[in-house]
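Have a look at the structure below before the remarks.
The values are calculated or read from the model by the stated rules, or taken from the named source; none is laboratory data. Computed from a predicted model, the values in this text were never measured in an experiment. When we count neighbours, we look across all protein chains shown, and the Cβ atoms used for this are built from the backbone with ideal geometry, even at glycine.
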Protein chains: 4
Amino acid sequence: MLIVMRQDASAEQINEVVKVVTSKGCQARSIPGGDRVSIAVLFNKGPLEDAWFSDLPGVQQTIAVTRPYKLVSRETKPSGTEIRVKNVTIGSGRLTIMAGPCAVESERQAMTIAEQVKKAGGDMFRGGAFKPRTSPYSFQGLGEEGLKILAKVRETFDLPVVTEVMDLACFDLVEAYADIVQIGTRNMQNFSLLRRAGQAKKPVFLKRGMSATVDEWLMAAEYIMAEGNPDIILCERGVRTFVRHSRNTLDLSAVPVVQRESHLPVMVDPSHAAGFRDQVMPLARAAVAAGAHGIMVEVHHDPANACSDGAQSLYPAQFASLCRQVRDIEQLIENSVES
Amino acid sequence: MLIVMRQDASAEQINEVVKVVTSKGCQARSIPGGDRVSIAVLFNKGPLEDAWFSDLPGVQQTIAVTRPYKLVSRETKPSGTEIRVKNVTIGSGRLTIMAGPCAVESERQAMTIAEQVKKAGGDMFRGGAFKPRTSPYSFQGLGEEGLKILAKVRETFDLPVVTEVMDLACFDLVEAYADIVQIGTRNMQNFSLLRRAGQAKKPVFLKRGMSATVDEWLMAAEYIMAEGNPDIILCERGVRTFVRHSRNTLDLSAVPVVQRESHLPVMVDPSHAAGFRDQVMPLARAAVAAGAHGIMVEVHHDPANACSDGAQSLYPAQFASLCRQVRDIEQLIENSVES
Amino acid sequence: MLIVMRQDASAEQINEVVKVVTSKGCQARSIPGGDRVSIAVLFNKGPLEDAWFSDLPGVQQTIAVTRPYKLVSRETKPSGTEIRVKNVTIGSGRLTIMAGPCAVESERQAMTIAEQVKKAGGDMFRGGAFKPRTSPYSFQGLGEEGLKILAKVRETFDLPVVTEVMDLACFDLVEAYADIVQIGTRNMQNFSLLRRAGQAKKPVFLKRGMSATVDEWLMAAEYIMAEGNPDIILCERGVRTFVRHSRNTLDLSAVPVVQRESHLPVMVDPSHAAGFRDQVMPLARAAVAAGAHGIMVEVHHDPANACSDGAQSLYPAQFASLCRQVRDIEQLIENSVES
Amino acid sequence: MLIVMRQDASAEQINEVVKVVTSKGCQARSIPGGDRVSIAVLFNKGPLEDAWFSDLPGVQQTIAVTRPYKLVSRETKPSGTEIRVKNVTIGSGRLTIMAGPCAVESERQAMTIAEQVKKAGGDMFRGGAFKPRTSPYSFQGLGEEGLKILAKVRETFDLPVVTEVMDLACFDLVEAYADIVQIGTRNMQNFSLLRRAGQAKKPVFLKRGMSATVDEWLMAAEYIMAEGNPDIILCERGVRTFVRHSRNTLDLSAVPVVQRESHLPVMVDPSHAAGFRDQVMPLARAAVAAGAHGIMVEVHHDPANACSDGAQSLYPAQFASLCRQVRDIEQLIENSVES
């Protein structure tokens, strides 16, 4: 931490700050500048609180320097994490495509879509059994019945399944059925759920919160990893901004930033970012071109009658075309990096 | 819902839309305009999905018209809800002041602060026993021990207590000790927690999510009320914006908007909006001047050594001065409304 | 500036950074911490560019420390600036109320409203002669005819007038007629206009840009002051956020922050923040309670037929009530500060 | 426009609204719904003001339906606009790459970079002669000398040049030298400048404002086109959000949305969105994958000594690699659309 003093700070005030720094078990180093003095706080053991210093006489500002995350940091582990789920490896060279409906609505619906996903070259199947909905009057998911349908999809099509866990109460159940457990955007800072996910035996798919900074997102992953689960996949899904022509604003800068700061794989969900079908294909291609390790896309064979998110679901034929396009882009980027 | 057709939409396309509207059990009424036709969807029973119509040929846009909330709406219940907690009534004419530390750190700390809060004229005591923290390495609260200290505060100073519940696992415990159960900003769309709160016997203090619209916030309250609990206090606490000089941006327009749309009382937390002590008093006064039913403020006798949020906690003397100021502003607004 | 090195930065890399700092005419001081070294850049003459250092091997991050503004800074001039315009002094103890229609529409309209503004106790009259409108097809203002009407208002009612200048072409004209020249939110970073305003003989009313940080806003004022004009009034008018229930989100934290950072007076425009009449009174009271030096409010005797901004204009009777309320709040705050 | 009435609106109130609609020269059509009546306003000649209706008794809300733009709308002109500048056609099938330094610093600098841009396959050269800078103390550009250097670049390398115009005063000069006149993000709603650009004989490169909606951006283009200049290139360059890891947040959804709503070509500037070099390549590839008609990229042979924006400028070798990559992606998308 750097403590910036006011121009008119007195020697006594500077000494007092140094004394408080020392009392917190850190070392203080005073740095005289052109028009003001700053004091560096060094060798701190744990996190420093602004409040310890910001109120002392003569202090203008405190500036955090250290990154708050440790286990998920690339400085801690320089090589990228690869996560193996059956025959799929996320974070390896090959792009991972997860696809399926927003919600599992029936066995027939799930099987119909899964067949198309498999045929088009999708790697994993997604589908919600427990649905977080803004309105209590909207379809809330099939619950365990939905999980059983997912299990059938897995067996029939040899597709690992990703599904969301909404709370502590249903965690054991979801963990038992899912190949990857998803934590949704509204639960990114549900710290109890993160801790439980850290004790799970399955990889965790952690969506970025609707207005989370990358630091907060990585700290959410740190919660999981601190409990012992190293298999975390991050997923950018758009953030909330003033923009109204899309449901959220996809923040593709987050892809290279996460890849620089952390060893964890990072995927992109263009469907929830877009909110409208005609933006999903451009954003999905863009995500892969930006270097994401994979994409998660909503597909529905009859979006006009979907129970949720129909407006942003691709038709199976669009999804097949998308798969071809993103595999090509992936190939191209790989080649250009190698050359 | 209004379905706006493209300028070049054909009669067949318009008919097709009308047919789909009818198939969903609603009535369609076509409205010819200067350069395009719109179709109103009428007499719908439940929520309408954009996706049912947005993809039909010739459709340019769908526009939602109906408000999504029902039970919490002022159209449903025109008179304002008053919530009685022991000798305090929230939502009545008199401003409610809740104050205390961010976290309960020890009995001595809580009792010291509570004494000051009582003396200054605070109505209720706040203090966290379970703390949602961005970092897993930060102080996480005293848990049940903290709740017991809160109970002692209540007995000693005759101050009802508000404390946060973080998850389903600790809900029973918190409900047993607290006079009002708080749901924090990160849990505003933790729908399982909202449902549980709807079954609670205690009033719920529902903070606005960090980037929630008023509609989403009221829908979160609708979740609680739909389960049978009518006693909900809404609390604006700042939203996340591009602004960096405060921790969040306090959205005071939300106060009159919520008061127009809903019958529920709405309070303001200036401490979490500000993030810095020197902004708390101006924002607290502003909140009361804007017509809030109450304020929740962080107070600490030794903020430089607080376990959390020290930088935004008022000193007891500042809090006493604030109480005088906001009571005066309250009086003044009441008089001006009457006159 | 502080240059934070990576954990694995070598001694050579650190030396190289020190060399570059020196080559830029500054002094470098290396600060060894627990897990990484930082380098402070000291005694710089002008602004430092991140790019000079951010790309050197081993560098993790550069952090700006110094404030970018000088002339407008309270560190440069500790006492608050007071701006005298005829019989009104902005920035003194007494709250300044500027009011009038969005646009001057006719002599009759302006005189009717001005009479009400005067009667209610308004200090200055506002009204646009040149209007920046989102659509080229909307009413663009009366131009010089509008300025002449403003002059008549001033003579008749002894009210100084504030009006907006949109470009270099009309600056001389506006400067000749206005008592205070307003620079609108869309022009806050129109640097040519700012320079011209810096050469004006009239005070400048500088609205905050729609998404400007306080630093950028103060730098815009610095442009004006650097050209020789010390008379600048800052005006917060809401910033653009994800929020949809108001036209903009009023950022009242900006009031105490500007007052701490700068010696310039800061006013608030609740009308443009709100966008809807029923939010204007609560926000205006809040602004004064937050400590603003004044408010600028839109008033219209016939808002339903206003050429622009009718939905946010107060009726004269509402304005009169508002004046009474904010004068009372002002008094109250003054007393509480004194006591 | 749709006027939504309150549930409890009386027949008299509804009649009154209908009367006001008629008095404005429009037709009213009342639409009875399940729990409330709405009134459609039809056959309006010009823009409708909310304020005409929003304040009438019984009115709950007014909802705009019509798009505000006309000339730039794809409904007006279904085929995409192609803009020919010497041997380059923007908006045709082929991707346009504009590149060069942020600012022209010297003849030697410009010629060195231009040679690299040409060699790598860039189509046009960019470089600022008049620079809008946040600080009055930063480098402000070489002015006319810079324009002369740009002319020399054009002659020597057969590269058309794009350069920014900051105000009315320098417009003639910039228009005389430039092949395309750029209007920067801070001037997107400088309506006087837009009108002047509408009278120019050169195409206009219109950057999106820092917090502009797509509607406002297209209305800015409408200003230009309404004055007679049909040659407008739109450029997305990131918008301001809460995100701090990049200078702005690139809004790639804007690309398909603009292409659906307007016939004008839309390019992307990844450099200003990113703010950091290591994000520029991923974002540039993403922009092309999203379907942009071109990209504008900052390149500098010695970014560590650039007068501005060094941190986000690519090295020439990086730019050459980028050109290869984006040309490949372009090819690939074209093929996939054809197939």
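Numbers at a glance
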{"read-out": "Residue list for segment D:24-55, filter: within 19 Å of B:Val65 (Cβ to Cβ) and in a strand (DSSP E or B)", "value": "D:Ala28, D:Arg29, D:Ser30, D:Ile31, D:Pro32, D:Val37, D:Ser38, D:Ile39, D:Ala40, D:Val41, D:Leu42"}
{"read-out": "Extreme residue, nearest to B:Val162 (Cα to Cα), among residues of segment B:129-151 that are surrounded by fewer than 23 Cβ atoms within 10 Å (Cβ to Cβ) and among the aromatic types (Phe, Trp, Tyr)", "value": "B:Phe139"}
{"read-out": "In segment A:210-259, the residues that are closer than 16 Å to A:Leu193 by Cα and either assigned to a helix (DSSP H, G or I) or within 11 Å of another protein chain (Cβ to nearest Cβ) (or both)", "value": "A:Glu216, A:Trp217, A:Leu218, A:Met219, A:Ala220, A:Ala221, A:Glu222, A:Tyr223, A:Ile224, A:Met225, A:Ala226, A:Glu227"}
{"read-out": "Some residue of segment C:269-280 being modelled with pLDDT under 95, assigned to a loop (DSSP other than H, G, I, E, B) and under 22 Å from B:Arg260 (Cβ atoms)", "value": "yes"}
{"read-out": "Any chance C:Val288 is in contact with an Asp or Glu (Cβ under 7 Å, 6 or more places away or on another chain), more than 30 Å from C:Tyr137 (Cα to Cα) and of a type outside the set (D, E, K, R)", "value": "yes"}
{"read-out": "Subset of segment B:233-258 (residues that are touching a residue at least 60 places away in the same chain (Cβ under 8 Å) and surrounded by fewer than 24 Cβ atoms within 10 Å (Cβ to Cβ))", "value": "B:Arg247"}
{"read-out": "Residues within segment C:74-84 that are in contact with a strand residue (DSSP E or B) (Cβ under 6 Å, 6 or more places away or on another chain) and of a type outside the set (Asp, Glu), tallied", "value": "2"}
{"read-out": "Which numbered condition A:Ala176 misses (of (1) crowded, with 19+ Cβ neighbours inside 10 Å; (2) at negative phi)", "value": "(1)"}
{"read-out": "Scope segment B:144-161; condition without any contact (Cβ under 8 Å) to a residue 24 or more places away in the chain and closer than 21 Å to A:Asn190 by Cβ; matching residues", "value": "none"}
{"read-out": "Residue, surrounded by the fewest Cβ atoms within 10 Å (Cβ to Cβ), within segment A:272-319, restricted to residues that are out of contact with any helix residue (DSSP H, G or I) (no Cβ under 7 Å at 6 or more places or on another chain) and aliphatic (A, V, I, L, M)", "value": "A:Ala317"}
{"read-out": "Among (1) touching a strand residue (DSSP E or B) at 6+ places or on another chain (Cβ under 8 Å); (2) in a loop (DSSP other than H, G, I, E, B); (3) at the interface with chain B (Cβ under 9 Å from one of its Cβ atoms), the one test that C:Val288 misses", "value": "(2)"}
{"read-out": "Any pair with Cβ under 8 angstrom, 6 or more apart, that starts in segment A:187-200 at a residue that is within 17 Å of B:Val165 (Cα to Cα) and facing chain B (nearest Cβ under 9 Å) and ends at one that is buried (at least 24 other Cβ atoms within 10 Å of the Cβ) and of a type in the set (Ser, Thr, Tyr)", "value": "A:Phe191/A:Tyr223; A:Leu194/A:Tyr223; A:Arg195/A:Tyr223"}
{"read-out": "Unmet criterion (only one of (1) surrounded by fewer than 19 Cβ atoms within 10 Å (Cβ to Cβ); (2) part of a loop (DSSP other than H, G, I, E, B); (3) at pLDDT 90 or above) for A:Asp8", "value": "(3)"}
{"read-out": "Residue match in segment A:56-77 (condition: among the β-branched types (Val, Ile, Thr), closer than 19 Å to B:Ala311 by Cα and free of Cβ contacts under 8 Å to residues at least 60 places away in the same chain)", "value": "yes"}
{"read-out": "Any hit, segment A:216-226, residues being surrounded by fewer than 24 Cβ atoms within 10 Å (Cβ to Cβ) and within 30 Å of D:Val257 (Cβ to Cβ)", "value": "yes"}
{"read-out": "Selected residue [within 11 Å of chain C (Cβ to nearest Cβ) and under 30 Å from D:Glu216 (Cα atoms)] from D:Ser308, D:Ser262, D:Ser271", "value": "D:Ser308"}
{"read-out": "Residue check, C:Ser262 in the same structural domain as C:Val161 (by TED's automatic domain parsing), under 24 Å from C:Cys323 (Cβ atoms) and among the hydroxyl-bearing types (Ser, Thr, Tyr)", "value": "no"}
{"read-out": "Which numbered condition C:Met166 misses (of (1) crowded, with 20+ Cβ neighbours inside 10 Å; (2) more than 13 Å from chain D (Cβ to nearest Cβ); (3) not in a strand (DSSP E or B))", "value": "(2)"}
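For (1) within 11 Å of another protein chain (Cβ to nearest Cβ); (2) surrounded by 22 or more Cβ atoms within 10 Å (Cβ to Cβ); (3) of a type in the set (Val, Ile, Thr), each residue gets a yes or a no:
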site: B:Val37; (1), (2), (3): yes, no, yes
site: B:Glu49; (1), (2), (3): yes, yes, no
site: B:Gln60; (1), (2), (3): yes, no, no
site: B:Ile90; (1), (2), (3): no, yes, yes
site: B:Pro101; (1), (2), (3): no, yes, no
site: B:Thr112; (1), (2), (3): no, no, yes
site: B:Glu115; (1), (2), (3): no, no, no
site: B:Gly127; (1), (2), (3): no, yes, no
